[in-house]
Every structure is written in structure tokens, then in C-alpha cells.
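Everything on this sheet refers to the single structure shown next.
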Amino acid sequence: MMVKIAMILTGISIGLLVIYGMDVITGEGIAGKGFLPLNAMERGIGFGGPPIVLSIVSFFISRKESSKPLGIMIIVSGILIIIGGIISISNGISDNTARMAGEGGGLIGIGSLIIALGAIKLKKSKSV
């Protein structure tokens with residue numbers, strides 16, 4: 001039962017990350033220029049923060065159950081977060097270089113953690 005809930009949460013996470021990414025791409029990295037009428041902070045809080053929380057929650061609420069599809073979904077979520085961090089660093093979206101590197105580097109670290117959680121879920125699924 002918890003795996004189904006975790007898969008729904010991770011699906012929402014992936015959906016939010018895809019929407020966030022599409023807005024950045026269509027707006028050429030400029031907040032408010034994409035299809036979401038949000039500034040960078042609002043967009044990050046609304047479409048960047050929740051996927052991180054949802055992915056981590058998905059892992060922990062289903063930690064006692066094995067699920068290869070959930071492990072793959074968690075890994076995909078982590079990869080999307082890392083891609084966002086790389087884009088943030090490489091595009092110079094922020095005027096402040098130190099802030100940009102900190103945010104991008106933080107996203108890469110968090111994405112790596114989420115990928116590790118997905119890999120743990122996959123490993124548990126193979127051993128069962």
C-alpha cells in the first residue's frame with residue numbers, strides 16, 4: 001500500500017520538475033518569461049522544493065517494501081534535480097556568481113542524495 005502512495009508522490013515530483021524545466025527552457029532561463037508567471041524564487045519554492053521533499057518522503061514511507069519501479073522513479077527525480085543544478089550553474093541565471101554556484105552545487109548534492117536513495121530502493125528490490 002505504501003509503495004503505491006510513494007509512487008504517486010514521486011510521480012508528482014517528476015511532474016513538477018518537468019514543468020519547472022520546461023518553464024526555464026521556454027523562458028530562456030529568465031524568470032517570468034516562460035509560461036509560469038513567477039519570479040525565480042516563487043518558481044523554485046513552488047516547483048523545485050516540493051519535488052525534493054516528495055522524493056525523500058517516498059523513499060522513507062516505503063522503506064520496508066521493495067519496488068523496482070519506485071527505485072527507478074526516485075532516481076529519475078534525482079537526475080532531473082541534478083540537471084537543474086547544472087543548468088543553474090552553466091546558464092548564469094543569477095547575477096550573483098557565489099549564490100549561483102551555491103544553489104547549483106546544492107541542487108547537485110541533493111540530487112545525488114536522492115539518486116542514492118533510489119539506488120538503495122533498487123538494491124533492496126533485487127535482494128528480495
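The values are calculated or read from the model by the stated rules, or taken from the named source; none is laboratory data. Computed from a prediction, not measured in an experiment: that's the story for all the values here. Glycine also receives a Cβ, built like all others from the backbone with ideal geometry; neighbour counts cover every protein chain displayed. Quick note on the areas: whole protein, heavy atoms, side chains included, nothing else; ligands and nucleic acids left out. Shrake-Rupley method; radii C 1.70, N 1.55, O 1.52, S 1.80 Å.
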* Asked: Restricting region 78-99 to residues that are under 23 Å from V53 (Cβ atoms) and at pLDDT below 75, which is most open to solvent (accessible area, probe 1.4 Å)?
  -> R99
* Looking only at helices (runs of 4 or more DSSP H) that fall completely inside region 1-74, which ones have 3 or more residues that are modelled with pLDDT of 90 or more and either within 19 Å of G104 (Cβ to Cβ) or among the charged types (D, E, K, R) (or both)? -> 2-26, 49-61
* Asked: Is there any pair linking a residue in region 84-112 that is under 15 Å from G21 (Cβ atoms) and assigned to a helix (DSSP H, G or I) to one that is of a type in the set (D, E) and modelled with pLDDT of 65 or more, with Cβ under 6 Å and at least six apart or on different chains, and which?
  -> S88/E103
* Go through (1) under 18 Å from I75 (Cα atoms); (2) surrounded by 14 or more Cβ atoms within 10 Å (Cβ to Cβ); (3) over 10 Å from the mean Cα position of the chain (by Cα) one by one and return the number of the condition D23 breaks. => (1)
* Got at least one residue in region 37-55 being within 28 Å of A119 (Cβ to Cβ), touching a Gly at 6+ places or on another chain (Cβ under 9 Å), surrounded by fewer than 17 Cβ atoms within 10 Å (Cβ to Cβ) and touching a residue at least 12 places away in the same chain (Cβ under 8 Å)? -> no
